[in-house]
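The values are calculated or read from the model by the stated rules, or taken from the named source; none is laboratory data. Predicted model only: the values in this text are computed from it and were never measured. Using ideal geometry, Cβ is built from the backbone for each residue, glycine included, and neighbour counts are taken over all protein chains shown.
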Amino acid sequence: RLTEMVEPGWDRMMAVNLKAVWRAMKLQIRQMLRQGGGGAIVNTSSVGGLVGKEHLSVYCATKHAVLGLSDVLRRELPDFISVSVLCPGMVETNRLDTVANTLRSKEPRAISTKDSAFSVLVIPTNEELQMAREVKAVIG
């Protein structure tokens with residue numbers, strides 16, 4: 001909850017969920033521009049980036065920010081670089097137990113990491129860059 005979040009927790013959430021995405025994209029874009037051939041960037045946000053979840057205000061804020069950053073870059077970058085965003089629902093990970101009790105009644109089924117990864121494979125390839133500019137929600 002926002003009122004219970006301490007500043008180090010806020011900073012860590014921002015670093016993991018937003019700053020890491022920014023740093024990775026910065027390096028990827030530089031390399032794609034150097035190569036001149038373009039490519040596709042697929043960021044991971046969350047359904048929590050599309051719709052706020054109670055008790056997860058800071059998490060949702062970081063995931064909304066990933067969507068916003070991706071949207072702006074989608075507009076700024078040359079057409080030969082696509083930016084898409086994967087927005088999975090609950091994913092079975094080691095950290096799932098941390099939030100599971102809060103969310104389980106509303107989202108009873110978590111998808112596997114394999115299913116989440118597979119959904120990236122169905123995002124359009126470089127031949128379809130114009131159509132690859134999308135947000136993809138993956139819900140179990």
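The lone criterion from (1) of a type in the set (Phe, Trp, Tyr); (2) out of contact with any helix residue (DSSP H, G or I) (no Cβ under 8 Å at 6 or more places or on another chain); (3) at pLDDT 90 or above left unmet by Phe118 is number (3). Looking across the range 1-40, the residues that are surrounded by 12 or more Cβ atoms within 10 Å (Cβ to Cβ) and either hydroxyl-bearing (Ser, Thr, Tyr) or over 20 Å from Ala65 (Cα atoms) (or both) come down to Met32, Leu33, Gly38, Gly39. Note on the range 1-42: residues that are among the charged types (D, E, K, R) and either in contact with a Phe, Trp or Tyr (Cβ under 7 Å, 6 or more places away or on another chain) or touching a residue at least 24 places away in the same chain (Cβ under 8 Å) (or both) total 1.
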